[in-house]
Amino acid sequence: MQGKMKAGIYHGVKDISVQERDIPQISGDDILVKMLRAGICGSDSGAWLHGGVQYGVWNEMVEGHEGVGQIVEKGKNVADDLNVGDIVFVDPTRAHKAGKIEADVFGTFGEYVIAQNAKRNENVYVLDQNVDLDLAALVEPLAVGTHGALCTNPQPEDHVVVLGAGTIGLCAAAGLINHGIKNVVVVDRNEWKLEIARKIGAKTVNSREENVSEKLCDIFGEYVNTESDIRSANPLILQQLSQIPGIAEMVAGKKPDVQLYVDCAGAKELLMQSFGMCAANTKYVVVSVYNEPIPVPGGIFMSQPAIYGSAGYTRETILEVIDHIENQRTPIGSIITDKFQIDQLPEAIEHAAVKSYKNIKVLLSF
């Protein structure tokens, strides 16, 4: 396809513009997708605020990696299970031969994108023709949150705490609930966001107004160590233990009966607080990206926790998320708070980045 398109070009801190660019040209193995909706990710707004290098957003390239579109052209070698007219999600981490290094500049802030070496259910996923396009734009962030929340294989009766009620935290909570996890709590300081978590089906703790440990104990009960009760030890031992850095929080106070914490907040203090609530074999998944070292308290190892990192998603996660969205298994659309036209991209990015606005997920419409 020949012609020009509108494209959102990242230039640097607080500098993004909509320009006219050539429509990209496909080879015989590729498909050309016309974008219908695109989501503004935290990495996009973070790059706008702080600079793109740390977020994988490179100068003078078409930004964006979340979205849904329609195939408008296919190469001669593309299999018959992908066709012009299909509504599709393209996995930005596998859309180009360069892989993840170009994922955040896949280009969904442009009117057209290319999926190289296009293969169904490998890097291109076909959605129902009548899918709600706004919801379909959530496939990518919902996959990130769902993958992180499920990567330790939580069981239906497990007690799970999601730290943070931003886009990924709410997507993690929705992914858990959709997967059949019955006991999910979201912790955040923002009551407006926690109300959305409750709409999705989670219980909540407001860390600004409530004692997180006490509230979690109220919800889930107190963890009881059937092998040893440290607090029943000789008072002289307890006194000396309490003077050891990193041990005090392990021997003082009660701990909530929580099997899994999923960190989507990016708040060092909240993550450290969750470490202090570690019970036996507690699991932690860190989805957030930190730009500073996170110390792990020495006493935590007495409880033999497991700490996982999570990035991206798998084919199985994407398929589960598409089913989640197509069948509207949770009201995940509640996280969509604003929608702008592509011509309004600079305004939309600023709106997504400024915390004083009531926003979670901001969409672009083409």
Q. So what is the calculated 222 nm ellipticity per residue for the chain, using -39500 (n - 2.57) for each DSSP H run with n of 4 or more, over all residues, to the nearest 500 deg cm²/dmol?
A. -7500 deg cm²/dmol
Q: In debye, nearest 20, what is the charge dipole magnitude of the stretch 271-363 about its Cα centre with +1 on Lys and Arg Cβ and -1 on Asp and Glu Cβ, if you could check?
A: 300
(Q) Which one, Ile360, Val126, Val296, is farthest towards the positive end of the dipole of the chain when Lys and Arg carry +1 and Asp and Glu -1 on their Cβ? (A) Val296
Q.
For the full complex of protein chains and a 1.4 angstrom probe, list Lys203, Lys76, Lys97 by accessible area with the highest value first.
A. Lys76, Lys97, Lys203
Q | Rotationally averaged projected area of the chain (alpha carbon convex hull; nm²) | A | 18.5
Q: Note down the magnitude of the dipole of the chain about its Cα centre, charges +1 on Lys and Arg C-beta and -1 on Asp and Glu C-beta and zero elsewhere, to the nearest 20 debye.
A: 320
(Q) Could you give the length gained by full extension between Lys199 and Asp81, i.e. 0.36 nm per residue of separation minus their alpha carbon distance, to one decimal place? (A) 38.8 nm
Q: Between Leu82, Leu176, Leu142, find the one with the highest GNM mean-square fluctuation for the chain; connect C-alpha pairs within less than 10 Å.
A: Leu82
Q: Using θ = phi - 60° and the Karplus relation 6.51 cos²θ - 1.76 cosθ + 1.60, list the HN-Hα couplings for the stretch 280-288 in order, rounded to whole Hz, with x at every Gly or Pro.
A: 5, 6, 4, 9, 10, 10, 9, 8, 5
**Q.** Only Lys, Arg (+1) and Asp, Glu (-1) charged, at Cβ; the stretch 312-366 dipole about Cα centre in debye
**A.** 200
Q: For the chain, give the share of DSSP beta bridges that are antiparallel, in percent and rounded to the nearest 5; count only bridges with both residues there.
A: 55
Q) At what distance in angstrom do the alpha carbon centres of the stretch 1-26 and the stretch 62-78 lie from each other? A) 15
(Q) Out of the total accessible area of the stretch 60-103 (probe 1.4 Å, heavy atoms of protein only), what percent is carbon and sulfur? (A) 48
Q) Can you give me the Cα centroid spacing of the stretch 180-243 and the stretch 99-159 in angstrom? A) 32
Q | Percent RCO, i.e. relative contact order, over the stretch 1-122, from Cα pairs under 8 Å lying at least 6 residues apart | A | 32
(Q) Explain nothing, just compute: Karplus ³J(HN,Hα) = 6.51 cos²θ - 1.76 cosθ + 1.60, θ = phi - 60°, for every residue of the stretch 342-350 in order, whole Hz, x for Gly and Pro. (A) 4, 4, 9, 3, x, 5, 5, 4, 4
Q.
Tell me the accessible surface of Arg329 in square angstrom (1.4 angstrom probe, heavy atoms of protein chains only), to the nearest ten.
A. 130
Q. Counting alpha carbon pairs within less than 8 Å and at least 6 residues apart, what relative contact order, in whole percent, applies to the stretch 156-198?
A. 47
Q | Gaussian network model of the chain, springs between alpha carbon atoms under 10 Å - residue of Glu326, Glu292, Glu209 with greatest fluctuation | A | Glu292
Q: Using Cα centres only, tell me the gap between the stretch 274-351 and the stretch 37-51 in whole Å.
A: 16
Q. Heavy-atom accessible area of Arg189 with all protein chains present, probe 1.4 Å, nearest 10 Å²?
A. 130
Q | Accessible area expressed per residue, the stretch 1-156, with surrounding protein chains retained (probe 1.4 Å, Å²) | A | 40
Q) What percent does the relative contact order of the chain come to when contacts are Cα pairs within less than 8 Å and at least six residues apart? A) 18
**Q.** Exposure rank, largest accessible area first [Thr314, Thr146; 1.4 Å]
**A.** Thr314, Thr146
Q) When all protein chains stay in place, what accessible area (Å², nearest 10, 1.4 Å probe) is found for Glu122? A) 90
Q | Dipole of the chain [Lys/Arg +1, Asp/Glu -1 at C-beta], most positive-end residue of Val184, Ile9, Tyr112 | A | Val184
Q: At a temperature of 37 °C and a viscosity of 0.692 mPa s, determine how fast the stretch 65-206 diffuses translationally according to Stokes-Einstein, using the Kirkwood radius over alpha-carbon pairs as Rh; express D in µm²/s, rounded to the nearest whole number.
A: 198
Q: Treating cross-link reach as a plain straight distance, find the aspartates and glutamates whose alpha-carbon is under 16 Å from the alpha-carbon of Lys6, omitting any fewer than eight places away in the same chain.
A: Glu20, Asp22, Glu60, Glu63, Glu111, Asp343, Glu347
**Q.** When each of Lys34/Lys100; Lys74/Lys100; Lys14/Lys203 is checked by Cα-Cα distance, pairs over 32 Å
**A.** Lys14/Lys203
Q: Among Ser242, Pro154, Gln70, pick out the residue whose Cα is farthest towards the positive end of the charge dipole of the chain, where Lys and Arg carry +1 and Asp and Glu carry -1 on C-beta, about the Cα centre.
A: Ser242
Q | Exposure ranking of Ile307, Ile101 by accessible area [1.4 Å probe, largest first] | A | Ile101, Ile307
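The values are calculated or read from the model by the stated rules, or taken from the named source; none is laboratory data. The model shown is predicted, which means the values in this text are computed figures rather than measured ones. Note that we place each Cβ from the backbone using ideal geometry, even for glycine, and neighbour counts take in every protein chain shown. Surface accessibility is based on the protein's heavy atoms, side chains included, excluding ligands, DNA and RNA. Shrake-Rupley method; radii C 1.70, N 1.55, O 1.52, S 1.80 Å.
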